[in-house]
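Enquirer: One structure follows; several queries about it will come next.
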C-alpha cells in the first residue's frame with residue numbers, strides 16, 4: 001500500500017470539504033452572524049490539505065483494494081472531525097456533542113443533541129442540513145463527480161463507500177456514472193425545494209428540509225420536526241420524496257436512457273414499495289382497532305412514518321411512541337430493513353433481504369433436487385456465490401455489532417429497550433428510536449460513553465462495517481510506509 005497516494009487523495013478531499021464551508025460562511029455574513037465557526041475549519045482544512053499534498057504523490061496507476069478502503073474510511077473520519085468544528089467553535093455544543101452532531105449529519109442519521117433549535121443561528125442550521133446533503137450520496141461520489149483530477153482507481157473508493165451488494169455487471173466509466181448520479185441527486189433536490197416552497201415553507205426552511213429529505217437524513221429546523229407545520233399536504237409531498245430517495249439512484253440514470261418503465265421493473269424498488277404499503281395497512285389497522293383512532297388520520301400518520309422510517313429519514317409528524325406495541329414493532333422491522341441498495345437510505349437494504357430469501361428457497365429446492373443447478377437472481381441481475389456469501393456475512397456482522405453497541409450502552413446505564421433502540425436506529429441511519437430517545441426526544445441525555453458508541457455505530461452503519469473494520473486490523477497497514 002502506497003501511503004503517499006493516500007496522503008494525496010486525503011489532501012483533495014479535505015480541500016473540497018473545506019470549500020463547501022463557504023456556503024454557510026456567506027449566509028452567516030449575510031445575516032451578520034459569527035463567521036469564525038466556519039472560517040476556522042476552512043483555514044484548518046486548507047493548511048492540512050497543503051501539508052498532505054506536499055507529503056503525497058501523483059496517482060500513476062489504479063488504486064489497490066487496500067488503498068481504496070483506507071482512503072474512504074480515513075476521508076469519512078477526517079471530514080467528520082472537520083465538520084465538528086463549527087459546532088464547537090460557535091460554543092453551541094461540547095467537543096463530544098459536536099462530533100455526534102457532525103457524524104449524525106454526514107451519515108444521514110439525523111439524531112441531534114441540540115435541545116432547542118430556536119437558539120441556533122440560521123447559518124449553523126443550514127450547515128447541519130448541508131452535511132446531510134454532502135454525506136447522503138457519499139463524500140467520495142461527490143469528489144469523483146466534481147473533480148476530474150481525482151485520479152485513476154476511483155472505482156475502488158466508490159465500491160467501498162457504496163451501499164448494498166452489487167451484481168456481476170460492472171459499472172463502466174466510473175466517473176461518468178458518478179456525475180450522472182450527482183446530476184439526478186441535484187435535480188431531485190431542486191424539485192423538492194420548489195415543492196416545499198409551493199407548500200408554504202420559507203426559502204431557508206424549504207432548502208434545509210430538501211437537503212434532509214433527498215439525503216434521507218432527518219435534520220429539521222424545528223424542534224417538533226415536521227409536526228410543527230400540521231400540514232397534511234406537506235406531509236404527503238415529503239413522503240413522496242422520501243420514497244423516491246429510497247430507490248437505487250442508478251435506476252433513475254437508466255430510466256433517463258431507456259425510459260421510465262425501468263423504474264417499475266426494478267425488483268428491489270417494487271419490493272420496497274410493497275413493504276411500505278403493507279406496513280402502512282397493518283399500522284393503520286392497529287391504530288384504528290387498538291388505538292381507537294379515526295381511519296383517515298390514522299392512514300395519514302402511518303403512511304408518513306412508514307415512508308420516514310423505511311427510508312431512514314427519521315422525520316416525525318406524530319409521537320409514534322404513543323402508538324400500540326404492534327405498530328412500534330413494525331417500525332423496528334422497517335428500521336432493520338431500510339431502503340434500497342445504491343440509495344441514500346440506510347438499514348440492511350431490501351436487496352439483501354431479497355437475496356437472503358431467494359437463497360433459502362434455493363437451498364430448499366436443492367434439498368429436494370440435489371443434482372439441480374441453482375442460480376440466484378433479482379430482476380435482470382444474477383448474483384454469484386461470492387456475493388451471497390458476503391450478504392450472509394453482512395447480516396451476521398450487522399446484528400453482532402448492533403447488540404455489541406447495545407450491550408456497551410446498557411453497561412453505561414441505559415435501559416435494555418432504550419439501548420437496543422438507539423443501537424439499531426444509529427446503525428440504520430434512522431435517528432429517532434423509542435422510549436427515552438424516541439420520536440419527540442433528542443440524544444442529549446446519552447451518557448458520555450454511549451455518545452462515543454453512537455459515533456462508532458453511525459460510521460459503521462453508513463460504511464456498512466467492513467470498510468471501517470479493516471483500518472483497525474494491524475496487518476492492513478503492513479508495508480504501508482508509515
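Enquirer: Can you tell me which residues in the range 92-137 are over 13 Å from the mean Cα position of the chain (by Cα), in a loop (DSSP other than H, G, I, E, B) and touching a residue at least 60 places away in the same chain (Cβ under 8 Å)?
Expert: Those that are over 13 Å from the mean Cα position of the chain (by Cα), in a loop (DSSP other than H, G, I, E, B) and touching a residue at least 60 places away in the same chain (Cβ under 8 Å): 112, 113, 114, 115, 116, 121.
Enquirer: Among the candidates 446, 420, 401, single out the residue that is closer than 18 Å to residue 109 by Cβ, modelled with pLDDT of 95 or more and not in a helix (DSSP H, G or I). First the steps, then the outcome.
Expert: Working: 420 fails: not in a helix (DSSP H, G or I); 401 fails: not in a helix (DSSP H, G or I).
The conditions single out 446.
Enquirer: Quick test of your reading of the structure: residue 312 fulfils all but one of (1) surrounded by fewer than 22 Cβ atoms within 10 Å (Cβ to Cβ); (2) in a loop (DSSP other than H, G, I, E, B). Name the failing condition by number.
Expert: Result: residue 312 passes all but (1).
Enquirer: Every residue in the range 158-211 that is part of a helix (DSSP H, G or I), within 17 Å of the chain's Cα centre (by Cα) and modelled with pLDDT under 80, please.
Expert: Correct list: 158, 159, 160, 161.
Enquirer: Sticking with this structure for a sec: Looking for whichever is more than 23 Å from the chain's Cα centre (by Cα), crowded, with 17+ Cβ neighbours inside 10 Å and without any contact (Cβ under 8 Å) to a residue 60 or more places away in the chain here; the options are 414, 456, 420. Which one fits? Outline the logic, then answer.
Expert: Working: 456 fails: more than 23 Å from the chain's Cα centre (by Cα); 420 fails: more than 23 Å from the chain's Cα centre (by Cα).
Answer to the check: 414.
Enquirer: Have a look at 74, 43, 63 and point out the one that is under 20 Å from residue 140 (Cα atoms) and either out of contact with any helix residue (DSSP H, G or I) (no Cβ under 7 Å at 6 or more places or on another chain) or not in a helix (DSSP H, G or I) (or both).
Expert: Details: 74 fails: either out of contact with any helix residue (DSSP H, G or I) (no Cβ under 7 Å at 6 or more places or on another chain) or not in a helix (DSSP H, G or I) (or both); 43 fails: under 20 Å from residue 140 (Cα atoms).
The match here is 63.
Enquirer: Check whether at least one residue in the range 293-304 is surrounded by 14 or more Cβ atoms within 10 Å (Cβ to Cβ), at pLDDT below 95 and outside any helix (DSSP H, G or I), and report yes or no.
Expert: The answer is yes; a qualifying residue exists.
Enquirer: May I ask you to verify whether residue 389 is more than 22 Å from the chain's Cα centre (by Cα) and surrounded by 14 or more Cβ atoms within 10 Å (Cβ to Cβ)?
Expert: So residue 389 fails the test.
Enquirer: Here is a follow-up. Can you pull out the residues in the range 423-443 that are in a loop (DSSP other than H, G, I, E, B) and either buried (at least 17 other Cβ atoms within 10 Å of the Cβ) or without any contact (Cβ under 8 Å) to a residue 60 or more places away in the chain (or both)? Let's see the steps before the verdict.
Expert: Of the residues in the range 423-443, the ones in a loop (DSSP other than H, G, I, E, B) are 428-434, 438-443.
Within the range 423-443, 428, 429, 430, 431, 432, 433, 434, 438, 439, 441, 442, 443 qualify.
The values are calculated or read from the model by the stated rules, or taken from the named source; none is laboratory data. This structure is a prediction, so every number in the text was calculated from the model and none was measured. Neighbour counts run over all protein chains shown; Cβ positions are idealised from the backbone, glycine included.
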